[in-house]
Amino acid sequence: MTKHCLMVGAGLSGAVIGRLLAEAGHKITIRDTRDHVGGNCHTLRDPETGVLVHVYGPHIFHTDDAEVWEYVNRFETFLPYKNRVKTTSQGAVYSLPVNLHTINQFFGQTLRPDEARVFLEGKADTTITDPQTFEDQALRFVGRDLYEAFFKGYTIKQWGCSPTELPASILKRLPVRFNYDDNYFFHKFQGMPENGYTAMIARILDHDNIMVELNTPVTRAEAEGFDHVFYSGPIDGWFDFRLGRLGYRTLDFERFDYQGDYQGCAVMNYGDVDVPWTRITEHKHFAPWESHEGSVLYREFSRACGPDDIPYYPIRQVAEKTLLADYVELAKAERNVTFVGRLGTYRYLDMDVTIREALDCGRAFLASNGAEMPAFTVNPL
């Protein structure tokens, strides 16, 4: 039986679920408050320089999920791209993540991999046996010198608090490589869409059964009348923030232009706490197959997210998780609404994970054969 479903949000979650259901014969309406599709992945060609700009900050596609990689390439050609991040710290430039070159340069050594392991172990605080905080984790594995040069100041600026207040889990794995590999990601498939993410998402949405309505906010009351709603907006926003607002960090972008090549790389971090921005991104380097004389750059500043700001990074500390649990209970009492994506589940998600979860969610809907869908197909807690 054909159903009419509403997707709240024209980002990756809404587009992927909408396309899957549309191809199965269902009618899809997609509404978004912004004047463009793509959510925070939105890309736009700068009219003056021709540079393809990542409007809400850079998005680099990387995944080990072969099906997801095949999916995005169905709608856009992905060209090879390796993210090689640099950082300016204490008056010098280094490669990230910390690798053998970084170690040798920073300490003025010519260590081989095995020697570097022993050397760093000597720098590490081995009295920390069960790291509980971000700082504990860093001190245990890289020692104070590297921690203060590359992690401490950047983390304070990014999260607005001391690393002693952040959980060790933020440093998920040993942040050091004992070789000269400076590729920021480990994943098998890495690339950038040749014509940008907005072009890709527009193609995903290009189906006779999909109607897109931009500049169209959706309230809970306005979502009535549809057979099912897939909501990718903020979960607390669905309930008009009645229990309070979940905490996020947001970003401010300070654009500046340059004639030529400003920094020679796409991403330059700034590890010193007295430099107010976290990084500078030079967007023409995200498309190395293109050539542009002019350059578009952004200084990024992280701060607490206010009611009128764009939410970027969910904080997910103890207080936020407690509030989230209360909203999850409210969500489970809803009928015919499924909460999806980064904002709908209050989780930081890479693009490939967002697409994977959207594919799984859409398939679960198709397999339900009219049975009621749960509020979540992934546990947000």
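Of note:
- Qualifying residue in the stretch 184-198 (condition: out of contact with any Pro (no Cβ under 7 Å at 6 or more places or on another chain), part of a helix (DSSP H, G or I) and either buried (at least 21 other Cβ atoms within 10 Å of the Cβ) or touching a residue at least 12 places away in the same chain (Cβ under 8 Å) (or both)): yes
- Reported count of residues in the stretch 55-79, each being among the acidic types (Asp, Glu) and surrounded by 20 or more Cβ atoms within 10 Å (Cβ to Cβ), is 1.
- Restricting the stretch 224-247 to residues that are crowded, with 17+ Cβ neighbours inside 10 Å and of a type in the set (A, V, I, L, M, F, W, C) leaves a set whose member that is farthest from Gly39 (Cα to Cα) is Phe226.
- Lys321 meets all of the listed conditions (1) touching a strand residue (DSSP E or B) at 6+ places or on another chain (Cβ under 7 Å); (2) surrounded by 13 or more Cβ atoms within 10 Å (Cβ to Cβ); (3) more than 24 Å from Gly11 (Cα to Cα) but one, namely (1).
- Only one of Leu52, Leu6, Leu12 that is surrounded by 18 or more Cβ atoms within 10 Å (Cβ to Cβ), touching a residue at least 24 places away in the same chain (Cβ under 8 Å) and over 30 Å from Cys265 (Cβ atoms): Leu6
- The lone exception for Thr250 - which of (1) crowded, with 17+ Cβ neighbours inside 10 Å; (2) in contact with a Cys (Cβ under 7 Å, 6 or more places away or on another chain) it fails: (1)
- In the stretch 98-152, the residues that are closer than 19 Å to Lys172 by Cα and of a type in the set (Asp, Glu): Glu121, Asp125, Asp130, Glu135, Asp136, Glu148
- Conditions (1) touching a strand residue (DSSP E or B) at 6+ places or on another chain (Cβ under 9 Å); (2) hydroxyl-bearing (Ser, Thr, Tyr); (3) in a helix (DSSP H, G or I): number failed by Thr155: (1)
- For the stretch 280-288, the condition holds for no residue, the condition being that it is without any contact (Cβ under 8 Å) to a residue 12 or more places away in the chain and of a type in the set (Ser, Thr, Tyr).
- Within the stretch 159-169, considering residues that are in a helix (DSSP H, G or I) and surrounded by fewer than 20 Cβ atoms within 10 Å (Cβ to Cβ), the one nearest to the chain's Cα centre (by Cα): Trp159
Just so you know, all these numbers are worked out from the coordinates, no wet-lab data involved. Everything quoted here is computed from the prediction, not taken from an experiment. Note that each Cβ is placed from the backbone with ideal geometry, even for glycine, and that neighbours are counted across all protein chains shown.
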